[in-house]
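Written below as structure tokens is the structure these notes are about.
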Amino acid sequence: MEHVSGPAVSVIVPTRNERGNAGELIERLARALAGTPAELIFVDDSDDGTPEAIAALHAPIEIRVIHRQGRERSGGLSTAVLRGLSIARGEYVCIMDGDLQHPPEQVPALLARARERDLDVVIGSRHARGGSNTGLDGPWRRFVSWTFATVARLLFYEKLRRIRDPLSGFMLVRRAALDGVTMRPVGYKISLEILIRAAGSRVEEVPYAFTERGAGESKARIGTGLTFIRHALTLLIEVPEVGRFWKFGFVGASGVAVYMAVLWVLSGTLDLHTALAWGAAAEMAVLSNFFLNRNFTWFERRSEGPLQSALEAARYHGAAALSVGANGAAFFALTRVGVDTLTAGAVSVWVGVATSFLGAEKFVFTTRRRVAIRRAILPQPEEPDGDEPVATIEPPAGAHLASRKEHR
């Protein structure tokens, strides 16, 4: 990639009717970043004259304003951030709100941590030691915020287990870490999109105090929660390497359904011998689980070619047999020491599930590729609609070095 000189940091601020906050935000950012090569990119969806208010200011920092209209505003904050990323020239990109709840004075701290520790992502965290979320409007909003963050950490345990504030809207990202990454954000949680889709990122948190907003009113609505759930499910389905245990559990549940259905047909309808019906039903369940786990749970680690696929299937049968053995061993060991049957059964079944999962993870689906498969499992529309924005972040080009202020 051709080297393009540019600012150390590009600050992207998506705005919607923030005329009353823009002046103070620019003043505080300019003061905080004095001596640091920086650019400020507003991606504006306002109807209150915010772009004009910004243009009238004379600040010692490079400012660019993109004013979106009509269908350009589809997707809201998330697509606004993607638009800003597409023209950002900085080595690092800082994403923050325009309502002054993210303190501009904290941007240098995020940048300093990224440079000192050679990080790809630095999250401004409300929940890390020393941070606070007092700016959230009341205990209910704080509870909802905590709940969503906890759900995200559980669903995406592999990537978020050490991150206390995965839904923060205040973060700094190394621009190169996003090159070539296709993102389909839904709603306001762009940080979740970046953390999950940008593979191999080195992430740390810096505490900050989430303060009360300046002028204007909050954009949060009841539908924000539903949008978050939709976004999380989309990421679970489309990103192969996250949420494996949940996917594995879903596949296992479907295997039970296959087993019961085949057993019912063979023994009840066709009157096949019980042992044969059981064996055929069990084999169909194992094959169903293998097919789904291969193409869903461990999608990016499946082997290629008929011979390798057959060997993979054989190893999967071995892992399944091992899990049955572990289940039985745990059950009889527990009952022997006096544990009641139902409790022993409940514990031993989880021993079997864990053994099966670890067997598939460590023994069956072991293909490692130098470049990880990153394509979505769900088909992506060629022309994104307003509900499903799609964008592949490309490296900055020389054409992006142009104007100090640009209006659309």
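The values are calculated or read from the model by the stated rules, or taken from the named source; none is laboratory data. Since this is a predicted model, take the numbers as computed values, not measurements. Heavy atoms of the whole protein, side chains included, go into the accessibility calculation; ligands, DNA and RNA do not. Shrake-Rupley method; radii C 1.70, N 1.55, O 1.52, S 1.80 Å.
Ordering Glu205, Glu193, Glu158, Glu116 from largest to smallest accessible area (1.4 angstrom probe), what's the sequence? Walk me through the intermediate numbers first.
Working: Glu205 30, Glu193 0, Glu158 65, Glu116 145 Å².
Result of the area sort, largest leading: Glu116, Glu158, Glu205, Glu193.
Got a sec? What order do Tyr188, Tyr316, Tyr259 fall in by accessible area at 1.4 Å, biggest, i.e. largest, first?
Tyr188, Tyr259, Tyr316
With every protein chain left in place and a probe of 1.4 Å, what is the accessible surface of Trp246, to the nearest 10 Å²?
130 Å²
Any chance you could check the Cα centroid distance between the stretch 3-33 and the stretch 129-199 for me, in angstrom?
21 Å
Any idea how far the Cα center of the stretch 235-294 sits from the one of the stretch 71-112, in Å?
45 Å
Which percent, nearest 5, of DSSP beta bridges in the stretch 76-211 are antiparallel?
Details: 7 of 13 bridges.
So the antiparallel bridges amount to about 55 percent of the total.
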